[in-house]
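The values are calculated or read from the model by the stated rules, or taken from the named source; none is laboratory data. From a predicted model like this one, the values you see are computed outputs, not experimental measurements. With ideal geometry, Cβ positions are generated from the backbone for all residues, glycine too; neighbour counts draw on all protein chains shown. Heads up: the accessible areas ignore ligands, DNA and RNA and are worked out on the full protein's heavy atoms, side chains in. Shrake-Rupley method; radii C 1.70, N 1.55, O 1.52, S 1.80 Å.
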Amino acid sequence: MTNAIYLEVNTSKEDYQSSKIMKLPLESLIIYCIYVHCNPEDMILNFVYTSTKLSQESVALHDENLIVINEKDVPWQIMCTYPVVMFNDTILAGLCAVARHICKFITRPHSLNEHEEGLLGFRKSCLQAPNEASIWTKFCEVDIIRTVKEMFSTASLDQVPKNLVRFENHLRKPVRMHNVYKIAREINKGVLKVSEADAEKTPVKEEDKNDKNRVPKSRKWKSNTKKDIDIDCTTKIKDLNISHEYAEGPFVTLADLVLFPSYHIIVQFFGGSFESLFPYSYKWYKNLLNTLELQALVDKMSKLEIKNTIMECNAIPETEDVSLYKCDPKRHNPKKRLFTKEDDIIKALSLLQNDMELNVDDNKLDCNINWADIPDGANPTAGHLPDERVLRKSQQLENLALAVLSVAQDGDIIVDFCSGSGHLGILVAHLLPNCTIILLENKEQSLLRARKRVHEMGMKNVLFFQCNLDFFVGKFDIGIALHACGIASDLVLDKCLHAKAKFVLCPCCYGSLHATDRLAYPRSYKFSNLPINQYLCIGHAADQTHNDHPLTVRGAKCMAIIDSDRGHLAQEFGYTVTLTRLKPLSCTPKNNLLIGVPS
């Protein structure tokens, strides 16, 4: 079994062998710390010297038993930004995906401070959602790391970083978690929680120390209130008296381990002023320092060399006073606003000029796929889908597969972005045996189903990547995506444009489009004078395309408008673009097909 982690470092093999000091960026430090804490079974940790200038944002680590390799020694299949895991024939990339993978091989005994399902929490879902969709994952994986890097590169601060204020606000807010009422009732019983000192007095049997399946003692809770209250489903969450002892509530989770190294550095930057500026964050930080199970991690952090000067800054920026939970009812969410009032749509459409919409061409892909010749693993009729979906799915796959065949050449690398369980990518791999197909999907279970089917078929031209698409940096010739939801279609388009790759896209979920720190709408110069609210209004109307809907015709027009914007963007990159529709149109309400070929 191959199970290897690859982390980027700024120290060559020769320099490390002579000094035993490793300079590494924050992402590598975080994964290293999680590795130390979990002590995973049968997992190799490799540090990759990339010659990248990381000194401004790196820390020095003392350790005498690390493996340093050169980038030329990394397997060629690793076409992602670090950190990366190669697990058998699957590549996992991204900080949270790699951290979650390590937790699955943990050998450390279960902690009393953890959720009963371990560091990954309820249903193993901690930091599972991609950062494009989850405020919390993005904070842990992107925002706080960016903040620390900015602090490394500045000599002084005009005001404290906003992300530190956001986390402070988060810790002040009520805990929102699964079974919060049940846990509140346990706390409200007033039973003392087992203290760390008591835990030390209860020795673990020698034969149990290495048993990762050992069941911990039942948790006991300490009430935070002097007076018990009756708790039922009508009790407000803020009155449940559950506080953020840790980042996600009363349990240590993987999120704490991901955030701890960053905050250890931040505390050094602010010195004694950190506690007064961020009392809740300081309390959380001290809780981690005093958690017995984290002592190996704390010891490693104490040996870091961090080049910094104490920053004195008391100016607090204005931020939204909400937690980092997406479901916080106080969070301003412009996506919840309805843009589909009739007057708004009419006004938005009236702003369009005649030359903005691309022509929707007839679908000229007349040949058909003989499904009787397609093996079960690549065939929707083989029981992979409910009967009522088989015909429509077959028609969708046929349209996109034939479009790919029309632009593909032998030896092409084709990436099926947001591949799900691989219906499209596996079919393309069967039809193009001389091409390499990459199935890229962030949902582990979906990719496992695809992998099982590929192995049963004995296919050798398919690779598996479990990651967000922005972590993939490999070269490829064609990018494809069937119903990549909302902004995902635009992220795929951007990947293709910057790689100068052909693309075959069937977008979906136009109503969920929204601006992000990586995407601005409208996309093209041609549409740049259309205000964002009117643009999103058209996007919402584009989702009114269901069968027998009275506004289906207008919905189809709005879909074509949004895809025309995407097409114009590709034309600005020098592409020849075709906008057509799947046939029959009844195979899906979202039936636009956007094909681009670089000139």
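If the condition is being assigned to a loop (DSSP other than H, G, I, E, B) and farther than 26 Å from Ile242 by Cβ, then the stretch 132-178 contributes Glu132, Ser153, Thr154, Ala155, Ser156, Leu157, Asp158, Gln159, Val160, Pro161. The single condition among (1) under 20 Å from the mean Cα position of the chain (by Cα); (2) open to solvent by less than 30 Å² (accessible area, probe 1.4 Å); (3) closer than 25 Å to Phe47 by Cα that Arg146 does not satisfy is (2).
Scan the stretch 545-599 for residues that are without any contact (Cβ under 8 Å) to a residue 12 or more places away in the chain, open to solvent by 70 Å² or more (accessible area, probe 1.4 Å) and part of a loop (DSSP other than H, G, I, E, B) and report the count. Adding up the residues that qualify gives 2.
Residues in the stretch 512-532 that are out of contact with any Lys or Arg (no Cβ under 9 Å at 6 or more places or on another chain) and either in a helix (DSSP H, G or I) or not assigned by the TED database to the domain that holds Met356 (or both): 1 in all. Considering (1) more than 29 Å from the chain's Cα centre (by Cα); (2) closer than 18 Å to Glu357 by Cβ, the lone condition that Pro522 does not fulfil carries the number (1). Here Ser586 meets each of (1) farther than 27 Å from Lys138 by Cβ; (2) at pLDDT 95 or above with one exception, condition (2). Taking the conditions (1) modelled with pLDDT of 75 or more; (2) part of a loop (DSSP other than H, G, I, E, B); (3) more than 23 Å from Val160 (Cα to Cα) in turn, Asp232 satisfies each one other than (1).
Residues that are part of a loop (DSSP other than H, G, I, E, B), open to solvent by 30 Å² or more (accessible area, probe 1.4 Å) and modelled with pLDDT under 80 occur in the stretch 339-352; there is at least one. Scanning the stretch 257-303 for residues that are of a type outside the set (A, V, I, L, M, F, W, C) and not in a helix (DSSP H, G or I) yields Gly271, Gly272, Asn290, Thr291, Lys303. Residues that are within 30 Å of Leu95 (Cβ to Cβ) and in the same structural domain as Tyr575 (by the TED database) are absent from the stretch 390-412 altogether. For Tyr246, indicate whether it is under 27 Å from Val180 (Cβ atoms), aromatic (Phe, Trp, Tyr) and modelled with pLDDT under 95. Answer is yes for this residue.
Scanning the stretch 372-388 for residues that are open to solvent by 50 Å² or more (accessible area, probe 1.4 Å) and outside any loop (DSSP other than H, G, I, E, B) yields a count of 6. Filtering the stretch 279-306 to residues that are open to solvent by 50 Å² or more (accessible area, probe 1.4 Å) and touching a strand residue (DSSP E or B) at 6+ places or on another chain (Cβ under 7 Å) leaves Lys303, Glu305. Filtering the stretch 33-47 to residues that are touching a residue at least 60 places away in the same chain (Cβ under 8 Å) and not polar (S, T, N, Q) leaves Cys33, Ile34, Tyr35, Val36, His37, Cys38, Pro40, Glu41, Asp42, Met43.
Quick one: would you say Ala315 is at pLDDT 80 or above, of a type in the set (Gly, Ala, Ser) and open to solvent by 40 Å² or more (accessible area, probe 1.4 Å)? Taking the combined requirement at face value, the residue satisfies it. Residues in the stretch 512-544 that are surrounded by fewer than 17 Cβ atoms within 10 Å (Cβ to Cβ) and within 26 Å of Val142 (Cα to Cα): Ser512, His514, Ala515, Thr516, Asp517, Arg518, Leu519, Ala520, Ile532. Scanning the stretch 74-109 for residues that are farther than 13 Å from His37 by Cβ, in a loop (DSSP other than H, G, I, E, B) and of a type outside the set (A, V, I, L, M) turns up Pro75, Trp76, Gln77, Thr81, Tyr82, Pro83, Asn88, Asp89, Gly94, Lys104.
Listed conditions (1) modelled with pLDDT of 70 or more; (2) closer than 30 Å to Lys326 by Cα are all met by Ser156, apart from (2). Within the stretch 107-126, the residues that satisfy the criterion of being open to solvent by less than 50 Å² (accessible area, probe 1.4 Å) and more than 17 Å from Trp284 (Cβ to Cβ) are Thr107, Pro109, His110, Gly118, Leu120. The conditions of being outside the structural domain of Val98 (by the TED database) and out of contact with any strand residue (DSSP E or B) (no Cβ under 9 Å at 6 or more places or on another chain) are not met by Asp490.
How many residues does the stretch 110-122 contain that are without any contact (Cβ under 8 Å) to a residue 24 or more places away in the chain and not in a loop (DSSP other than H, G, I, E, B)? Result for the stretch 110-122: 1.
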